[in-house]
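The structure under discussion appears below in the form of structure tokens.
The values are calculated or read from the model by the stated rules, or taken from the named source; none is laboratory data. Keep in mind it's a predicted model, so treat the numbers as computed, not measured. Here the Cβ positions follow ideal geometry from the backbone for every residue, glycine too, while neighbour counts run over all protein chains shown. Please note that ligands, DNA and RNA were not included when accessible areas were found on the heavy atoms of the full protein model with its side chains. Shrake-Rupley method; radii C 1.70, N 1.55, O 1.52, S 1.80 Å.
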Amino acid sequence: MSVSQSEKASAFAVLHEEPGTFVIANAFDGCSAGMLASLGFRALATSSSVQAALLGRKDGSTTREEALAHATQIVDATDLPVSADLEKGFGDAPEDAATTIREAGASGLVGGSIEDATGDPATPIYDMDHAVRRMEAAVAAARSLPFKFTLTARSENFVRGIHDLDDTIMRLQAFEAAGADVLMAPGLPDLEAVQQVCASLTKPFNFMVGIPGKSFSEADLASAGVKRISLATSLYRSAMTATLEAAREIKDNGTFGYVDRSATVDLNAFLKD
């Protein structure tokens, strides 16, 4: 018997209330989702960058429909709760963010993130008032759903060239006051900054692993106060690195040693009947 969306939503919410830190693993297709579930991860996430790459595009170029179609593949592959990277909500207006959250709920997702990045290099971050209005609209949409939708609010300063910890904390606190369930600030420079951010919040903080030199251990992040650890594109990049190395061996050497080095895995074992 499959798990209902309401049951997934409740299980996901409980993960944020239980003691300790947990990893939400970012799947990139149905098979990887089943693989991660088989290893015992208790929740999955999507990545906007991976969604775009799978379509042969750069991050930020997918539509709402394309992003939710990809997320649905992950949702349908396992009985785990899935939260999606919903970028800025696929539009600048508060109602765009709200529409995205409502449609995310309709697609089977039980969580998702909305960020304060504009997508415009000239003005990469929304001004505070507009960012808060957008988050308030997303919160209202999440609360209108017939189950607990866990909404994550992202302050994008550090991955958009604005290395301002005070402003990042101020934004996260404003999003928390607006009703977001989880707070996130990708690209924090060190554990001291992570600890400072966590200490400034009362709701769970999500740390994003995936940036070389700024991806700390689960134990260190737990000590800093992190509740949830996401993996961004890192698993997909690891898989693509192995693909690139194998292809180079074929092209440069005319050998196929990667076949022997590859794990002997029946991929069908990770797929639903």
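Annotations
- Among the residues listed as ARG261, ARG228, ARG237, the single one being modelled with pLDDT under 95 and of a type in the set (Lys, Arg): ARG261
- ASN268 being closer than 21 Å to ALA37 by Cβ, open to solvent by 30 Å² or more (accessible area, probe 1.4 Å) and out of contact with any Leu (no Cβ under 6 Å at 6 or more places or on another chain): yes
- Selection status of SER215, of a type outside the set (A, V, I, L, M, F, W, C), surrounded by 14 or more Cβ atoms within 10 Å (Cβ to Cβ) and part of a loop (DSSP other than H, G, I, E, B): yes
- The residue pairs whose first member lies in segment 20-39 and is farther than 15 Å from ILE229 by Cβ, whose second member is part of a helix (DSSP H, G or I) and modelled with pLDDT under 95, and whose beta carbons are closer than 7 Å, counting only pairs six or more residues apart or on different chains, are CYS31/LEU267; CYS31/PHE270; GLY34/PHE270; MET35/PHE270; SER38/PHE270.
- Taking the numbered list (1) open to solvent by less than 60 Å² (accessible area, probe 1.4 Å); (2) in contact with a Phe, Trp or Tyr (Cβ under 7 Å, 6 or more places away or on another chain) in turn, ALA37 passes all entries but (2).
- Within segment 139-151, the set of residues being open to solvent by less than 10 Å² (accessible area, probe 1.4 Å) and aliphatic (A, V, I, L, M) comprises ALA141, ALA142, LEU151.
- For segment 176-220, residues that are among the polar types (S, T, N, Q) and closer than 22 Å to THR46 by Cβ total 2.
Residues checked against (1) more than 22 Å from ILE125 (Cα to Cα); (2) open to solvent by 20 Å² or more (accessible area, probe 1.4 Å); (3) of a type in the set (Ser, Thr, Tyr):
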| position | (1), (2), (3) |
| --- | --- |
| GLU136 | no, yes, no |
| ALA153 | no, no, no |
| THR168 | no, no, yes |
| VAL197 | no, no, no |
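- Any hit, segment 180-189, residues being at negative phi and open to solvent by 60 Å² or more (accessible area, probe 1.4 Å): no
- Candidates SER234, SER238 - the one that is closer than 17 Å to LEU36 by Cβ and open to solvent by 60 Å² or more (accessible area, probe 1.4 Å): SER238
- Among the residues making up segment 229-266, those that are hydrophobic (A, V, I, L, M, F, W, C) and farther than 14 Å from ALA27 by Cβ are ILE229, MET240, ALA242, LEU244, ALA246, ALA247, ILE250, PHE256, VAL259, ALA263, VAL265.
- Flag if GLY89 is over 19 Å from SER10 (Cβ atoms) and buried (at least 24 other Cβ atoms within 10 Å of the Cβ): yes
- Selection within segment 46-58 - open to solvent by 10 Å² or more (accessible area, probe 1.4 Å) and either more than 15 Å from the chain's Cα centre (by Cα) or of a type outside the set (Ser, Thr, Tyr) (or both): ALA53, LEU54, LEU55, GLY56, ARG57, LYS58
- Hits in segment 71-84 - residues which are under 20 Å from ASN206 (Cβ atoms) and open to solvent by 20 Å² or more (accessible area, probe 1.4 Å): LEU80
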